[in-house]
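Single-structure report; data block below.
The values are calculated or read from the model by the stated rules, or taken from the named source; none is laboratory data. Because the structure is a prediction, the values reported are computed rather than measured. Positions of Cβ are backbone-derived with ideal geometry, glycine not excepted, and every protein chain shown enters the neighbour counts. Each accessible area value is taken on the protein alone, full model and side chains, heavy atoms only, with ligands, DNA and RNA left out. Shrake-Rupley method; radii C 1.70, N 1.55, O 1.52, S 1.80 Å.
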Amino acid sequence: MVLLEKLLIVDFGSQYTHLICRRVRELKVLAEIVPWDSISETLFEKGDIRGIILSGGPRSIHEDNAPRLDSDILNYLVEHSIPILGICYGHQLLAHLFGGRVEKSEKREYGPAVLEVISDSLLLRGLPKRVRVWMSHGDLVTGLPKGFKVIGKTENCPIAAYESLDKLVFGVQFHPEVKHTEFGLKILDNFLDICGFRRNWVMKDIVERKIEEIRRIVGNSRVLLAASGGVDSTVAAKLIHKAIGDNLHLVFINTGFMREGEAEWVLSMLKRLGFKNVHYVDASQRFLRNLIGVAHPEEKRKIFSRIYAEALEETAKELEKKFGKFEFLAQGTIYPDRVESGATGKTTDKIKSHHNVVMPRISALKKLEPLADFYKDEVREIARILGIPKDVWGRHPFPGPGLLVRILGEVTKEKLEIAKKAHKIVEEEAKKWGVYDDLWQIFPVVLDSKAVGVKGDARSYEYIVAIRAVKSEDAMTAEFARLPWDFLEHVARRITNEIEGVNRVVYDITHKPPATIEFE
């Protein structure tokens, strides 16, 4: 098998680190993110790493305990001719470590700027003389190390890009990975050419490699998979099934926080996809008993994870009596789940707990997560390659805890009924109006506050439902969708007319960041 070449992205805490990874993968090169404090020479033993990118980050290199790259690692990279590209903080750090000068900027630069290409270079090859770029920095490089040359500048940043061909070290103060930077993909493409990548990250080949990897890891063992009916767990199940056949057992747990008709649809879909061993567990009353009255979002998620784990473990023990021992627990965890749960490194803040990431360990089962390094659009591409129909992979993402996280504040049976009915209306109308396929997600949220209204000439005091609709590539960032007013008016009318207990509908116009896509 041909060695799969890899670009290593060293994460210094930038909100854009995942975007670097995405852009590199778009250019058919495998990219992997590692925290800055976990770099060691052992990472290079396989000989598959052909290039390194140092990400941006929120710190200043002059701060105490600011993240660094060990000098031995830096020397190793130079000695073995492994090209290095520093972006933002990485740009400053490389200049500093090689003996340059980095100072606090008199004028912080955040947002658009014009880069002037002032020298021929490998990194900026093929770019026009003036390019709009996206800046975000408080420090800047004011003096270059020996053997480095300036290749680009902006009005407020005289050394906005540099390179050293002797050391194969490159730096840019701006962010080529964001779409606001013109020719950003071209800059990354040039760097990958400098590294000599063969561009062998092709999804069809990756699927075959992943199936072989699962087969090698699992062997003849049995695997238990927690199936939800969503695209992630379904694709994970299909990959594993391709690898080990009917040694895979799916457990579908009805939590009571599913949409109307969801349980019946999931069971039918899994049967349609050819899974033989599908085990249905109705734990809805158990979940409701433990969650009714709980208000705090993280507490809700933790209780949900605990109950889910308990139900799954009990089911596993029952199944072992009939089928024999299970060795692995498989889940449809994808990369954004791990990022938001703070499971990708010390520099990644926890935004919220995803139940499939923080769920307590099930007995002694080993974890199997074949999609843990993929983004959602990559998972959908894998689904297409595996022949999974569009009515499965084209569904909008639905959170593991379901409607639980779309009910703000205290969970009540009344709010749950409102959430179920509102979801049915919103999804029906989005498909009917032809906006569903253009969106990453659209869904209603039952707020924890009530408002005064008028119904049937009488005063009402009822719940507020918020509609959230976003466009995104990978859920790491998202823009609110500018939907037609007629559509929103129609949805609002249906919700307030058809659902008892609701007299007001609002529309969320917040991007991610600063908001997350889900409210909780």
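Answer rounded, prolate or oblate for the stretch 437-520, using the Cα gyration tensor with square roots of eigenvalues a ≥ b ≥ c: rounded when a/c is under 1.5, else prolate when a/b is larger than b/c, else oblate.
Values: a/c = 3.10, a/b = 1.94, b/c = 1.60.
It comes out prolate by the Cα gyration axes.
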- Query: Expressed as an acute angle from 0 to 90° and rounded to the nearest 10, what is the orientation of the C-alpha long axis of helix 297-323 relative to the principal long axis of the chain?
  - Reply: 70
- Task: Just reorder Asp72, Asp64 by solvent-accessible area, largest first, 1.4 Å probe, all chains present.
- Result: Asp64, Asp72
- Can you work out the accessible area per residue across the chain, with the rest of the protein chains kept in place, probe 1.4 Å, in square angstrom? 43
- Task: Would you work out if the stretch 1-75 is rounded, prolate or oblate? Take a ≥ b ≥ c from the square roots of the eigenvalues of the alpha-carbon gyration tensor; rounded if a/c is under 1.5, else prolate when a/b is larger than b/c, oblate otherwise.
- Result: oblate
- Here P(r) for the stretch 1-155, Cα-Cα distances in 10 Å bins, as whole percents, is 10, 37, 39, 13, 1, 0
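If packing is taken as the average number of other Cβ atoms within 10 Å across a peptide's residues, how do 53-59, 392-398 rank, most packed first? Before the final figure, lay out the partial values.
Values: 53-59: 23.7, 392-398: 17.9.
Listed from highest to lowest mean packing, they are 53-59, 392-398.
Which trypsin sites (Lys or Arg not before Pro) does the stretch 437-488 hold that lie in a coil by DSSP with at most 13 other beta carbons within 10 Å? Numbers along the way, then the final one.
Numbers: sites: Lys450, Lys455, Arg459, Arg468, Lys471, Arg482; in loops: Arg482.
The qualifying sites are Arg482.
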- Query: What are the GluC sites (Glu not before Pro) within the stretch 25-95 that DSSP puts in a loop, where the Cβ has at most 11 other Cβ atoms within 10 Å?
  - Reply: Glu45, Glu63
- Item | Of Ser460, Ile240, Pro145, farthest towards positive along the dipole that unit charges on Lys, Arg, Asp, Glu beta carbons give the chain | Ile240
- Set Lys and Arg Cβ to +1 and Asp and Glu Cβ to -1, take the dipole of the stretch 107-208 about its Cα centre, and tell me which of Leu165, Val207, Tyr110 lies farthest positive. Tyr110
- Radius 11 Å from Cβ of Val251, net charge of other residues (Lys, Arg +1; Asp, Glu -1): -3
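Counting Lys +1, Arg +1, Asp -1, Glu -1, what net charge surrounds Val281 among other residues with beta carbon under 12 Å of its beta carbon? Can you show the working numbers first?
On the way: positive: Arg286; negative: Asp282, Glu310, Glu313, Glu314, Glu318.
Result for the local shell: -4.
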- Of the cross-linked pairs Lys271/Lys420; Lys415/Lys455; Lys242/Lys431; Lys6/Lys376; Lys376/Lys450; Lys186/Lys432, which ones have a Cα-Cα span greater than 29 Å in the structure shown? Lys242/Lys431; Lys376/Lys450; Lys186/Lys432
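So, with +1 on the Cβ of K and R and -1 on the Cβ of D and E, and no other charges, what is the size of the charge dipole of the chain about its Cα centre, to the nearest 20 debye? Working shown, then result.
Numbers: 77 positive and 74 negative charges, 173 e Å.
Here the chain has a charge dipole of around 840 debye.
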- More than 33 angstrom apart: percent of Cα pairs within the chain: 47
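For every helix of n ≥ 4 consecutive DSSP H residues, a contribution of -39,500 (n - 2.57) applies; sum these over the chain, divide by its total residues, and give [θ] at 222 nm rounded to the nearest 500 deg cm²/dmol. Could you put the intermediate results ahead of the total?
On the way: 15 runs with 174 residues, N = 520.
It comes out at -10500 deg cm²/dmol, rounded to the nearest 500.
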